[in-house]
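One structure below.
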Amino acid sequence: MSSWKVIARVDDIFGEEPCAVDVDGIRVALFNVQGCIHAIEDRCPHDKVVRLSDGYVDNGTIECPIHQSRFDIRTGKVLCAPAQEDVRFFATRVEDGKISIELDPKE
Ligand code: FES
C-alpha cells in the first residue's frame, strides 16, 4: 500500500522553473505544466549524479543539462538518447495549496 507525503506548496513553483525538493533522501523535481503539478526524480538515469532540475524546460519536457536527453515531465518517459531508461515518476495531488506525492511504503 502506498502513502502520500506533503512535500511543497504550489506557491513554491514559479512559472515553468522546476522546484527541487529532498524527500527522505530522494531528490524530487516538481513542475507546473499548464496548471498541473508533476513530479519526477531529480536525477538523470544516464548519469545519476546529474540533476534534471538544472535542465531546460520546454513544452512539457525537460532536457538533461549534460547530454541533452529529453524526458516527458508528465510521465517520466525518455524521449531521446543517450539515456535509455525512463526517469522515475511520482503521482501528485494538490489539496489546500499543498503538493503531495505518492511513495512506496518502504520510503
Ligand atoms: S547525464 Fe543526462 S543524458 Fe547524459
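Maximal additional length on extending the Val49-Arg9 stretch stands at 11.8 nm, based on 0.36 nm per residue less the C-alpha distance.
With the Cα gyration tensor of segment 1-58 giving a ≥ b ≥ c as the square roots of its eigenvalues, does the rule (a/c under 1.5 for rounded; else a/b larger than b/c for prolate; else oblate) give rounded, prolate or oblate? Note, shape of segment 1-58 comes out oblate.
Can you give the net charge of the other residues whose Cβ lies under 14 Å from the Cβ of Ile73, counting K and R as +1 and D and E as -1? Numbers along the way, then the final one.
Numbers: positive: Arg70, Arg74, Lys77, Arg88; negative: Glu16, Glu17, Glu41, Asp42, Asp58, Glu63, Asp72, Asp86.
Result for the neighbourhood of Ile73: -4.
Contour minus end-to-end for Asp86 and Ala20, with contour as 0.36 nm per residue of separation and end-to-end as the Cα-Cα distance?
On the way: separation 66, 0.36 × 66 = 23.76 nm, distance 1.85 nm.
Once the chain is fully extended between Asp86 and Ala20, it gains 21.9 nm.
Using only side-chain charges placed at the Cβ, +1 for Lys and Arg and -1 for Asp and Glu, the dipole size of segment 1-68 relative to its Cα centre rounds to 240 debye. By the beta-carbon count within 10 Å of each Cβ, the least crowded to most crowded order of Phe89, Phe14, Phe31, Phe71, fewest first, is Phe14, Phe89, Phe31, Phe71. Taking amide H atoms as placed 1.01 Å from N in the peptide plane, the amide H of Arg43 lies under 5 Å from those of Leu52, each 5 or more residues away in sequence or on another chain. Other residues with beta-carbon under 13 Å from the beta-carbon of Lys48 carry, at +1 per Lys or Arg and -1 per Asp or Glu, a net charge of 0.
Once you keep just the Cα pairs under 8 angstrom separated by 6 or more residues, what percentage relative contact order results for the chain?
Numbers: 229 pairs, mean separation 31.2, N = 107.
Reported relative contact order: 29 percent.
With θ taken as phi - 60° and the Karplus curve 6.51 cos²θ - 1.76 cosθ + 1.60 applied, the whole-hertz 3J(HN,Hα) list for segment 13-18 is 9, 10, x, 8, 6, x Hz, x standing for glycine and proline. What the phi angles of segment 68-83 give under the Karplus curve with 6.51, -1.76 and 1.60, with θ = phi - 60°, is a coupling list of 6, 4, 10, 10, 6, 4, 7, 10, x, 5, 6, 10, 7, 5, x, 4 Hz, glycine and proline written as x. Taken one residue at a time, the phi angles of segment 37-42 give Karplus couplings (6.51, -1.76, 1.60, θ = phi - 60°) of 8, 10, 9, 10, 5, 8 Hz. Gly and Pro are set to x.
A short reminder: the numbers here are calculations on the coordinates, not readings from a lab. Just so it is clear, the model here is predicted, and its values are computed rather than measured. Cβ sites come from the backbone with ideal geometry, for glycine too, and all protein chains shown count toward neighbours.
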